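Engineer: This structure is in structure tokens; I'll ask about it shortly.
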Amino acid sequence: MLDEHYPVQRKMMTSSSQPYLRLILAMGTLPPATLIRHSFPEMKNTGERFTAHFISSIVARIPKELLDPEGKFGDLELGVCYIAGVAGNNYKQQFHIQLSALSDKYPVKDAGIALRYMPDVVSTANLAQLESSPDHVVFVCAVLGELYYRNAETWFRKNHQDHNPTSNSLLQVLENETDLKTWDTMDDATFDMLEKVLGKDAGKT
């Protein structure tokens, strides 16, 4: 937005050349695209490309004694790790794994402090999982991949049948072969990682 007290020509500009330019930071992808579409109708390509994350959530556990044979774990233990990857050695097909490892002997009592230190609500074990695993270490994987941004079948366009500027948009997301390959690769990588961390017999626990 521009300061109403300082008229500025509507053209490409930088904050250094126009010191009175004010910047609004908008959260997410769709509201800014909607704002740009209505503010600059001459920009015909707004929303022609759309990308976002798709996600897999995988939870596993292993007996605590296998990782802590001497019983040195405290009542609450929390560890996190970030693992980045690509599909087919192509950085246009990126994904990452958010791995959390939790050992919580008293999950109800520890809920307050645990929630403050959890890295992400998606990569966190829920209360039922923790309550059923007092003698286990729970591994939670939130695996996020990126939709291919050049997929012509995925877009965010104006809905010409709706004249309300707050709602006159249509979003279409259709996965293509590139998306499916990324998804398969990231899921395979996650299970491979868990097998290496937990051991080949982890599935039996």
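The values are calculated or read from the model by the stated rules, or taken from the named source; none is laboratory data. Please read all numbers here as calculations on a predicted model, not as lab measurements. Positions of Cβ are backbone-derived with ideal geometry, glycine not excepted, and every protein chain shown enters the neighbour counts. Keep in mind that these areas ignore ligands, DNA and RNA; they rest on the heavy atoms of the full protein, side chains included. Shrake-Rupley method; radii C 1.70, N 1.55, O 1.52, S 1.80 Å.
Engineer: How about the range 86-126: which of its residues are of a type in the set (Ser, Thr, Tyr), open to solvent by less than 40 Å² (accessible area, probe 1.4 Å) and over 17 Å from the mean Cα position of the chain (by Cα)?
Structural biologist: At the first step, the residues of the range 86-126 found to be of a type in the set (Ser, Thr, Tyr) are 91, 100, 103, 106, 117, 123-124.
Narrowing further to those that are open to solvent by less than 40 Å² (accessible area, probe 1.4 Å): 100, 103, 123-124.
Across the range 86-126, the qualifying residue is only 103.
Engineer: Looking at the range 132-167, which of the residues that are open to solvent by 40 Å² or more (accessible area, probe 1.4 Å) and in contact with a Gly (Cβ under 9 Å, 6 or more places away or on another chain) is nearest to residue 84 (Cα to Cα)?
Structural biologist: 157
Engineer: For the range 149-200, which residues satisfy the criterion of being touching a helix residue (DSSP H, G or I) at 6+ places or on another chain (Cβ under 6 Å) and modelled with pLDDT under 90?
Structural biologist: 165 - this is the single residue of the range 149-200 that is touching a helix residue (DSSP H, G or I) at 6+ places or on another chain (Cβ under 6 Å) and modelled with pLDDT under 90.
Engineer: Then there's this: Here are 179, 187: which of them is open to solvent by less than 30 Å² (accessible area, probe 1.4 Å) and touching a residue at least 60 places away in the same chain (Cβ under 8 Å)?
Structural biologist: Details: 187 fails: open to solvent by less than 30 Å² (accessible area, probe 1.4 Å).
The match here is 179.
Engineer: With respect to residue 72, is the statement that it is modelled with pLDDT under 90 and open to solvent by 90 Å² or more (accessible area, probe 1.4 Å) true?
Structural biologist: Details: modelled with pLDDT under 90: no; open to solvent by 90 Å² or more (accessible area, probe 1.4 Å): yes.
Spelling it out, it is not the case that residue 72 is modelled with pLDDT under 90 and open to solvent by 90 Å² or more (accessible area, probe 1.4 Å).
Engineer: In addition: Return yes or no: is residue 105 in contact with a Gly (Cβ under 8 Å, 6 or more places away or on another chain) and either among the aromatic types (Phe, Trp, Tyr) or in contact (Cβ under 8 Å) with a residue 24 or more places away in the chain (or both)? Outline the logic, then answer.
Structural biologist: Numbers: in contact with a Gly (Cβ under 8 Å, 6 or more places away or on another chain): no; either among the aromatic types (Phe, Trp, Tyr) or in contact (Cβ under 8 Å) with a residue 24 or more places away in the chain (or both): yes.
Spelling it out, it is not the case that residue 105 is in contact with a Gly (Cβ under 8 Å, 6 or more places away or on another chain) and either among the aromatic types (Phe, Trp, Tyr) or in contact (Cβ under 8 Å) with a residue 24 or more places away in the chain (or both).
Engineer: Before we move on, is residue 199 over 23 Å from the mean Cα position of the chain (by Cα) and on the phi > 0 side of the Ramachandran plot?
Structural biologist: Values: over 23 Å from the mean Cα position of the chain (by Cα): yes; on the phi > 0 side of the Ramachandran plot: yes.
Spelling it out, residue 199 is indeed over 23 Å from the mean Cα position of the chain (by Cα) and on the phi > 0 side of the Ramachandran plot.
Engineer: When residue 171 is evaluated against the numbered criteria (1) in a strand (DSSP E or B); (2) within 30 Å of residue 89 (Cβ to Cβ); (3) open to solvent by 80 Å² or more (accessible area, probe 1.4 Å), which criterion, by number, is the only one it fails?
Structural biologist: (2)
Engineer: In addition: Any residue in the range 86-101 that's closer than 13 Å to residue 178 by Cβ: show its pairings with residues that are surrounded by 20 or more Cβ atoms within 10 Å (Cβ to Cβ) and of a type in the set (A, V, I, L, M) at Cβ separation under 6 Å, as long as the two are six or more apart or on different chains.
Structural biologist: Correct list of pairs: 93/87; 95/186.
Engineer: Then there's this: What do you reckon, is residue 192 in a loop (DSSP other than H, G, I, E, B), free of Cβ contacts under 8 Å to residues at least 40 places away in the same chain and closer than 30 Å to residue 66 by Cα?
Structural biologist: Details: in a loop (DSSP other than H, G, I, E, B): no; free of Cβ contacts under 8 Å to residues at least 40 places away in the same chain: yes; closer than 30 Å to residue 66 by Cα: yes.
No; evaluated as a whole, the condition is false for this residue.
Engineer: Are any residues in the range 22-48 assigned to a loop (DSSP other than H, G, I, E, B), at pLDDT 85 or above and surrounded by fewer than 14 Cβ atoms within 10 Å (Cβ to Cβ), and if so, which ones? Before the answer, list the steps.
Structural biologist: Going through the range 22-48, the residues assigned to a loop (DSSP other than H, G, I, E, B) turn out to be 22-29, 40-48.
So of that shortlist, the ones also at pLDDT 85 or above come out as 40-48.
Matches in the range 22-48: 40, 41, 42, 43, 44, 45, 48.
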